[in-house]
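Input: one structure, supplied below.
The values are calculated or read from the model by the stated rules, or taken from the named source; none is laboratory data. The shown structure was predicted, so the numbers you read here are calculated from the model rather than taken from an experiment. Note that each Cβ is placed from the backbone with ideal geometry, even for glycine, and that neighbours are counted across all protein chains shown. Each accessible area value is taken on the protein alone, full model and side chains, heavy atoms only, with ligands, DNA and RNA left out. Shrake-Rupley method; radii C 1.70, N 1.55, O 1.52, S 1.80 Å.
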Amino acid sequence: QVQLVESGGGLVQPGGSLRLSCTASGSISRTYTMAWYRQAPGKQRELVARMSSAGSTNYADSVKGRFTISRDNAKNTVYLQMNSLKPEDTAVYYCHAQLGIMIRWGQGTQVTVSS
């Protein structure tokens, strides 16, 4: 059974960068679709970035050009590189893995963008 653990969150100033990591306890083959979601206080969880098993990616309009999702299957790890961070990017970020009807979530990591 795949379990996901996120890391890399923290406090950063506006305009700064962070890289989130999501490491799976089991093997995440190329057949998994991997994604990052986020949830800000009082708001619904939203998709930030997704990478399909074929390697195609899609991003929320609010992060296009600033965030990049990538994966290293050999390390069972998915990354989210976040640049030019804004206060509105403040949220708990969750890693998500899907294979067919099987879905797994990580526990989340807090990202706070503030001066």
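Once neighbouring chains are kept in place and the probe is 1.4 Å, which whole percent of the accessible area of the chain is contributed by carbon and sulfur?
Details: 2860 of 6030 Å².
Reported share for carbon and sulfur atoms: 48 percent.
While we're on this one: In nm², what is the average projected area of the convex hull enclosing the Cα atoms of region 70-115? Write down the numbers at each step before the final one.
Working: hull surface 17.3 nm².
Orientation-averaged projected area of the Cα hull: 4.3 nm².
Let me ask you something else. Residues in region 72-115 near a label at Asn58, defined as backbone nitrogen under 17 Å from the 7 Å Cα→Cβ point?
96-100
What is the diffusion coefficient of the chain in µm²/s, taking the Kirkwood radius over Cα pairs and the Stokes-Einstein relation at 10 °C with a viscosity of 1.306 mPa s? Please report the intermediate quantities before stating the final value.
Values: Rh = 14.0 Å.
Value of D from the Cα-based Kirkwood radius: 113 µm²/s.
Give the distance, in whole Å, between the Cα centre of region 6-20 and the Cα centre of region 57-115.
After rounding, the separation between the Cα centres reads 11 Å.
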